[in-house]
Each structure stands twice: as C-alpha cells, then as structure tokens.
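Rule-based calculations on the coordinates, nothing more; no lab input. In this text the structure is predicted, and so the values were computed from the model without any measurement. Neighbour counts are summed over all protein chains in view; Cβ atoms, including those assigned to glycine, are modelled from backbone coordinates with ideal geometry.
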C-alpha cells in the first residue's frame, strides 16, 4: 500500500542544481533560501524532457543471476547505479569490484539493511559510515552523495541524519516489485517497466534488485525495448546532472552543471 507521501512524489518539483547543491521549491511556494539541500528532501525523479531513464539495482541480499545481469548491461553498453549494503560488499568483494570496474555507479544502502526509522541517530551514522568505508576500501570510490534507505523506510528524522553525513536520499519513480512476494516472472517484470508510457518513463528512477533470477533475465529485453523508443539509459548522477563518477583509470574531471527550465528533478519535502 502506498503512503500519502508516496502519492505526493510526482507533484513535487525542484528548481536549480549547482554541483551537489540543490535549491528546491514546492508547487505554489517560494524557493527555499540558502545554498544547502533542505535536509528533509529526497530525489524521486529526474528532470523530464531529456528522455532519460535510470535503472537502479539494490544489492543487499542474494547474488543469484548477478553475472548474467552484469553481462546484459555490458552487452548493451549501459551504466547503472547500484545501491549496495556494506554486508553484501564484504561478502562479495569480487562482485563489487566488477560493478566498479564496469563503470557503474555505487551508492550507499546501509550496512545491514535495517529499517532506519527504528534506529537512533548514532546507529544510523554507523550503518552509513561502515558501508562507506567498505565500498571505498574495495573500489576507491566514495558512494556519497547517493543513498537509498532499505525498504524505502525513512522519515524526516532519518533524512536529516543522512543529510548531515553528506548523503541525499534517492527514492524511486517506478517500483518493479521484483523483490515483493509472490515471486515474479521475467515476463511480468518486462511488462511492468516497458508497459509504461514514454511520459511515465521520462526522468524515471526504476527500482530493481540484485539476486532475483527473473530480474537478471528481464534486463536485456527491458533495455532493448526502452532503446527502441529512443529512451537513454543512464546513471542516477547523469539523470540528475550531477558531476559524474569517474570511470576506472580516468582522472576526476570537474563537471560544470547548467540547469535549464526543464532540468528540474522532482523532490519531496517531508
């Protein structure tokens, strides 16, 4: 069941994106003053009008089908964003390095995949900092500022804590439901994504999971369908016009971010 906050996601818009700093407005309200991200906001959709879609994969459970998933992305020359738990990274260091070496983006998904609304601030900080250390130690890549809460469970208090750690919550526009019971078929997942209109997919952040066999098998047909509709598959950073994470072996190049009227990611202020 969707919450009232979830139903509000698509009606909330933001103005302005400079580097990693966002100045946001709500409909029929003035711009929130200041140069920092308001701590009680999160990204739920990218700018519309660019025909871009970001497939994101949460990795916090199994690894079934992972080689096939990564191979499908490589065959299509597509880079995605993986939100990885520290526990998954520590148990699958070679897979984490493969994600990084393939040029994919990595975000923080906590250490042990808890419901953060049930943890105090110190515990939340520990979950994120341990994961950040693990990911950086294995790949040399810091996952900041990209963060996704396990189960999508977060509230204003949680968002304030993660904001103070330099992270921004990346929610989703479309949930594939691949990890929800009952188990989904490949055909179901393909239709769940490709059955959306171009307008619904434009700027969308799509939630998928590592460790789901049907998901691994669905990736190739999903990519083929979206590309046939002239939709580009990109990372979250590219979708949001954030400075891109450098590919392995390349130096970090500072990106100049320019924002036009249509380059407005959707946010929700809780």
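Figures for the structure shown
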quantity	calculated
Percent of alpha-carbon pairs separated by more than 22 Å within the stretch 98-175	20
Label-point separation in nm, residue 165 to residue 98, each point 7 Å along Cα→Cβ	2.7
Footprinting exposure proxy for 68, 156, 105, 132 (fewest neighbouring C-beta atoms within 10 Å first)	156, 68, 132, 105
Span from the the stretch 59-122 Cα centroid across to the the stretch 164-219 one, whole angstrom	15
Rule-of-thumb Rg ratio for the stretch 38-160 [Cα; 2.2 N^0.38 Å; N residues]	1.08
Estimated FRET transfer efficiency (residue 118, residue 64; beta-carbon r; R0 25 Å; 0.05)	0.30
Contour minus Cα-Cα distance for residue 51 and residue 187 (0.36 nm per residue)	46.6 nm
